[in-house]
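This report concerns only the one structure given below.
The values are calculated or read from the model by the stated rules, or taken from the named source; none is laboratory data. Keep in mind that this is a model prediction, so the values were computed, not measured. Neighbour counts are summed over all protein chains in view; Cβ atoms, including those assigned to glycine, are modelled from backbone coordinates with ideal geometry.
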Amino acid sequence: MTAILTIKDYSLDYVTRAGQNRVLDQLNLTINKGKVLGLVGESGSGKTSLAWAIMRYLPKNARETPQGLLSLADLDLKKASPATLGSLRGNRLSMVFQDPSTALNPTLTIGRQVTEVLERHRGLSGEEAKEEALRILTNVELRNPGALMKRYPHEASGGEKQRVLIATAFACQPELLIFDEPTTALDVITGARILDLFAKLREETGVAALYISHDLALVSRVADDVAVLEKGKIVEEATGASIFQSPVHPYTRKLVDAVPRPDRRLTTDSSKGDSLLKASNIEVFYYRKKWFSPRPPAATDKVSFDIRPGEILGVVGESGSGKSSMARALTGLADFAGEVSFGGKKILSDRQMDQGYRRGVQIIFQHPDTSLNPRQTVHQILSRPIKLYGGDLNSIPDLLEEVRLPRDYASRYPHQLSGGEKQRVAIARAFAAKPELVICDEITAPLDVSVQASVVDLLLKLRKDNGTAYMFISHDINLVCQIAHRIAVMRNGALLDLLDVEQIRSGNVHPYTRELIETTPTPVS
């Protein structure tokens, strides 16, 4: 078969103040025409560094060893001139990035960003490029592509923007396409549709692809073969099915064991009794308060549910379903109509959420980078809830140990921590208030599977020690089925199902719930 990408004895170092750090070590990989190679590994394993090396977008402190080979068909990429690379990228070699919001230029219309590629690499005139852009956007199943071309990126949804990037990547029929976590920023249903689109375009064009992800279950379904990268080294390469059935390397076995499986329950107790929190007919509103201005339509329908003491209530649904809106309403971060009952007290607005309520109901956000103050040390971050709700500041080292962080991390700043470590600090901050209910809003979404598994294990241990209830919001129904007692399914602001886990898995559910289950990637058996 014709080799499209050949990597032989390739090594890469980054020069830092601490010295030279090897990030890729003696890699050997081949991708043949029409084949997809999946590349998996934890954050920091070197996956994205390899993508940048292939695209020749390496930072100034990168150092390649002279003996390694990196070639696209018959072209030695390491020796290619800037002019050659300029004509190569977007033409013979394309890449689809993780976050479409940062990959598109916010100052240009979507149509202009597509036609620019066609004019440069295919030599089309302005009118020809517009016609071709309309055709390829239609081909990626975008509704009303003509209107979309006139919009700016902020006026399109995440799924629409990712389809635009895929259309642009395929526009010049590249020999090799690199996908770098293309569905991580998307909900499970949108992600599944993107993968279906990729499969369709791959069949039509015969493109070779390198598919990078930390989701082993997903990669095993889209790739012909899977390579496992640990600290810059390939430790195993096999078909997706055999990776799950009989992983050889201990690191691969660790990744496989961390993949959420709905039939492997991590919470075995039952949750019965009176309600800890009860939400009745909750409608959530987003608006700026102005005199005499009418209230806009609600972001959710009249949603009602309850959470019992010590219960884990899973809340699932695609982007825009109203999951986070409910979390914001229950924590006083969004205006709402309806009634919340907590601790026997009825609450009709955020103004009635007193200190006792705000202590008892805590929230952990999806991105710790935006929820932790970068100018404060971990000690200062954890001091705030202790000062607000009472407690001993000397307990902070013990609190860090409780979330499995070293005691001396109290003196560190957020930028000195990994993503998983920052999320543990956010968890510690929530538990510093000694809450009865913690709302977890997609807190494992940005984490790779092994870190996700460790965070979930920590949450279950804290629940066991403190009797805390969780409202666990996620788009991963496999993970939710592992830990939740009951599952609430939302779509377009409405609550469609509220059932015990056993009932959810029985199949007697709303059609949308069934679609969520069917589209969530599960390990290949």
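Structure values in brief
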| quantity | calculated |
| --- | --- |
| Tally of residues being over 27 Å from residue 44 (Cβ atoms), free of Cβ contacts under 8 Å to residues at least 60 places away in the same chain and surrounded by fewer than 20 Cβ atoms within 10 Å (Cβ to Cβ) across segment 431-464 | 1 |
| Which numbered condition residue 21 fails, given (1) part of a strand (DSSP E or B); (2) surrounded by fewer than 18 Cβ atoms within 10 Å (Cβ to Cβ); (3) touching a residue at least 12 places away in the same chain (Cβ under 8 Å) | (3) |
| Any chance residue 428 is at pLDDT 90 or above, in a helix (DSSP H, G or I), of a type in the set (A, V, I, L, M) and more than 18 Å from the chain's Cα centre (by Cα) | yes |
| Of all residues in segment 311-330 being assigned to a loop (DSSP other than H, G, I, E, B) and crowded, with 20+ Cβ neighbours inside 10 Å, the one that is modelled with the lowest pLDDT | 318 |
| Where residue 226 falls short, out of the listed (1) surrounded by fewer than 21 Cβ atoms within 10 Å (Cβ to Cβ); (2) more than 16 Å from the chain's Cα centre (by Cα); (3) outside any loop (DSSP other than H, G, I, E, B); (4) not small (Gly, Ala, Ser) | (1) |
| Pairs with Cβ under 6 Å, 6+ apart, first in segment 29-51 and on the phi > 0 side of the Ramachandran plot, second of a type in the set (Lys, Arg) and surrounded by 18 or more Cβ atoms within 10 Å (Cβ to Cβ) | 41/47 |
| Residue in segment 25-40 that is in the same structural domain as residue 222 (by TED's automatic domain parsing), within 29 Å of the chain's Cα centre (by Cα), surrounded by 15 or more Cβ atoms within 10 Å (Cβ to Cβ) and not in a strand (DSSP E or B) present | yes |
| Strands (runs of 3 or more DSSP E) within segment 53-164 that include 1 or more residues of a type in the set (Lys, Arg) and surrounded by fewer than 18 Cβ atoms within 10 Å (Cβ to Cβ) | 62-64 |
| Long-range neighbours under 8 Å by Cβ, at least six apart or interchain, first residue outside any loop (DSSP other than H, G, I, E, B) within segment 471-484, second of a type in the set (Phe, Trp, Tyr) | 480/472; 483/472 |
